[in-house]
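Beneath this line is the structure, given in structure tokens, with notes to follow.
The values are calculated or read from the model by the stated rules, or taken from the named source; none is laboratory data. Since we're looking at a predicted model, the values are computed, not measured. Methodologically, a virtual Cβ is constructed for each residue, glycine included, from the backbone with ideal geometry; neighbour enumeration extends over all protein chains shown. Surface accessibility is based on the protein's heavy atoms, side chains included, excluding ligands, DNA and RNA. Shrake-Rupley method; radii C 1.70, N 1.55, O 1.52, S 1.80 Å.
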Amino acid sequence: MTSLIRHVTIDSADPYDLARFWAEVLNGSLAEDDFPGDPEAVVTSATATLLFVRVDDRKSVKNRVHVDLQPQDLTRDEEVERLLSLGATLESDHRRPDGTGWVTLHDPEGNEFCVERSAAERANG
């Protein structure tokens, strides 16, 4: 038998606050027993389970692993705007004039993640 990924673990200064951000991003929910100040918080969504754990060391370099998001109900550009309104910040814009490309954002604690084109956008060219 092979292994499966149970959850992706993300180091954070404030697990609860960062989990709340990602719950909004993924239309997920926090575990019922997660509260502000807890050393861990879990977000469960239809596509992923993320575990946030308190680590006192501050992030200082680029992530070795990051997530790539593919919008389901919005275009890439609409999703980027939604995520910026939730508290993400722009790292770099790799969108091309022909509509291809992606956008790299930071979550509220500086972790990189990318937003790619939706499936519909990919199907249309």
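For the stretch 76-125, a residue qualifies if it is in contact with a strand residue (DSSP E or B) (Cβ under 6 Å, 6 or more places away or on another chain), charged (D, E, K, R) and free of Cβ contacts under 8 Å to residues at least 24 places away in the same chain, and the qualifying residues are 91, 93. Among the candidates 65, 55, the residue that is open to solvent by less than 100 Å² (accessible area, probe 1.4 Å), modelled with pLDDT under 95 and of a type in the set (A, V, I, L, M, F, W, C) is uniquely 55. For residue 43, state whether it is touching a helix residue (DSSP H, G or I) at 6+ places or on another chain (Cβ under 8 Å) and not in a loop (DSSP other than H, G, I, E, B). So residue 43 passes the test.
Of the residues making up the stretch 27-43, those that are surrounded by fewer than 16 Cβ atoms within 10 Å (Cβ to Cβ) and within 14 Å of the chain's Cα centre (by Cα) are 27, 29.
Please enumerate the residues belonging to the stretch 12-37 that are among the acidic types (Asp, Glu) and in contact (Cβ under 8 Å) with a residue 60 or more places away in the chain. Working first, answer last.
Taking the stretch 12-37 first, the residues among the acidic types (Asp, Glu) are 14, 17, 24, 32-34.
Residues satisfying the conditions are 14, 17, 24.
Counting the residues of the stretch 47-76 that are farther than 21 Å from residue 20 by Cβ and part of a strand (DSSP E or B) gives 1. Set side by side, the residues 108, 97 differ, and just one is at negative phi and out of contact with any helix residue (DSSP H, G or I) (no Cβ under 9 Å at 6 or more places or on another chain), which is 97.
Can you tell which of 79, 91, 24 is modelled with pLDDT of 95 or more, open to solvent by 50 Å² or more (accessible area, probe 1.4 Å), out of contact with any Asp or Glu (no Cβ under 8 Å at 6 or more places or on another chain) and not in a loop (DSSP other than H, G, I, E, B)? Exactly one residue qualifies, and that residue is 24.
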